[in-house]
Amino acid sequence: MLKDITFGQYVETKSPIHRADPRTKILLLILTIVFIFVAKNLFALVLCLLFVLSVIFASKVPLKMYLKNLKAVLPIIIFTAVINMFYGDETSTVLLSFWRLSITTDGLYRAFFMATRIILLIIVSSSLTYTTTPNDLTDAIESLLSPLKFLGLKSAVHTLALMMTIALRFIPTLVEEAEKIMNAQKARGADLENGNLKERIKALIPILIPLLISSVRRAYELAEAMECRCYNGGVGKTRMKQLRFSRIDLYQSAITVIFCVGIIVLNIIF
């Protein structure tokens, strides 16, 4: 399961999304996520699905990379859908009732909507890390948060951007480390797949402790490496690659705005 987590990885391909300004991609991602949850009917949800599919196609990242992320969070999607099944409108048709809980047609509709929204959210969020390098993400976040410098948070802006980027960068590394620890525990006879929920949770303790120690060690090594390279934050920092808003950013922004207007129109009509 852990090896299916690909969030945070960068996939190098020659696509229009790869060439776009990372600041544009972050802003358009936020806008897209907002309007995915603004969609209120099936027609608007279908438009969201078509838009996300176009993002997958334009990114030129293999579809299996996106599906791996979905496989990793499938239990969360199922749990969210099951919870929403019991929050239907009382006036809708009851399909199944037990104890104080009832599953209605409206509850199933809500569950389907919420599960689809989460799936689209995960896919469109993954497209950002798949098409943007960690360095570009750091520069983009720092640039977007630059207005906070006028509030006396000049040093905090770069630090926050660096922390967020390092966190994304080390997700694949921690996943790989956890996979190695699990394989080592299995080679020693540990049973991590059988037993009830309580036994499985207890079996995770020999994995979490070495993973925590390894994470702390990597953090110290990273801090020492930055100190050895005389890293001093964003003071006097220069960039080899300058961020510029280009024509391709204009096209992508226009398409996203058309998508958002389409969601609003479909919400009003239906």
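The values are calculated or read from the model by the stated rules, or taken from the named source; none is laboratory data. Note that the structure is a prediction, hence the values are computed from the model and not measured. Positions of Cβ are backbone-derived with ideal geometry, glycine not excepted, and every protein chain shown enters the neighbour counts. Note: areas computed on protein heavy atoms with side chains; ligands, DNA, RNA excluded. Shrake-Rupley method; radii C 1.70, N 1.55, O 1.52, S 1.80 Å.
Can you confirm whether Pro210 is open to solvent by 50 Å² or more (accessible area, probe 1.4 Å), farther than 20 Å from Lys25 by Cβ and at pLDDT 75 or above?
no
With under 16 Å from Ala219 (Cβ atoms) and assigned to a helix (DSSP H, G or I) as the only criterion, which of Leu174, Leu148 stands out?
Leu174
Scan (1) within 13 Å of Ile123 (Cβ to Cβ); (2) assigned to a helix (DSSP H, G or I); (3) at pLDDT below 90 for the single condition Val61 breaks and write down its number.
Tallying (1) within 13 Å of Ile123 (Cβ to Cβ); (2) assigned to a helix (DSSP H, G or I); (3) at pLDDT below 90, Val61 fails exactly one: (2).
May I ask you to list the residues in the range 64-83 that are among the aliphatic types (A, V, I, L, M), assigned to a helix (DSSP H, G or I) and touching a residue at least 40 places away in the same chain (Cβ under 8 Å)?
Met65, Leu70, Ala72, Ile76, Ile77
Within the range 88-109, can you find the residues that are over 26 Å from the mean Cα position of the chain (by Cα), among the aromatic types (Phe, Trp, Tyr) and either part of a loop (DSSP other than H, G, I, E, B) or at pLDDT 75 or above (or both)?
Across the range 88-109, the qualifying residue is only Trp99.
What are the residue pairs meeting all of these: first residue in the range 253-270, first residue under 15 Å from Ile36 (Cβ atoms), second residue outside any helix (DSSP H, G or I) and modelled with pLDDT under 95, Cβ atoms under 6 Å, and 6 or more apart or on different chains?
Ile263/Ala39; Asn267/Lys40
What are the residues in the range 177-203 that are in contact with a Lys or Arg (Cβ under 8 Å, 6 or more places away or on another chain) and either β-branched (Val, Ile, Thr) or modelled with pLDDT of 75 or more (or both), if any?
Scanning the range 177-203 gives a single hit, Glu179.
Just one of (1) open to solvent by 60 Å² or more (accessible area, probe 1.4 Å); (2) at pLDDT 85 or above; (3) in contact with a Phe, Trp or Tyr (Cβ under 8 Å, 6 or more places away or on another chain) trips up Phe112, so point out which.
Condition (3) is where Phe112 drops out.
What tally of residues in the range 23-41 results from selecting those that are open to solvent by less than 30 Å² (accessible area, probe 1.4 Å) and at pLDDT below 90?
Going through the range 23-41 one residue at a time, the tally reaches 2.
Would you check if there is a residue in the range 5-14 being modelled with pLDDT under 85, open to solvent by less than 60 Å² (accessible area, probe 1.4 Å) and more than 28 Å from Asp136 (Cβ to Cβ)?
no
How about the range 117-156: which of its residues are among the hydroxyl-bearing types (Ser, Thr, Tyr), open to solvent by 30 Å² or more (accessible area, probe 1.4 Å) and either in contact (Cβ under 8 Å) with a residue 24 or more places away in the chain or touching a Lys or Arg at 6+ places or on another chain (Cβ under 8 Å) (or both)?
Thr133, Ser143, Ser155
For the list (1) farther than 26 Å from Ala20 by Cα; (2) surrounded by 13 or more Cβ atoms within 10 Å (Cβ to Cβ); (3) within 17 Å of the chain's Cα centre (by Cα), I need the number of the one condition that Ala44 fails.
Only one criterion is unmet by Ala44, namely (3).
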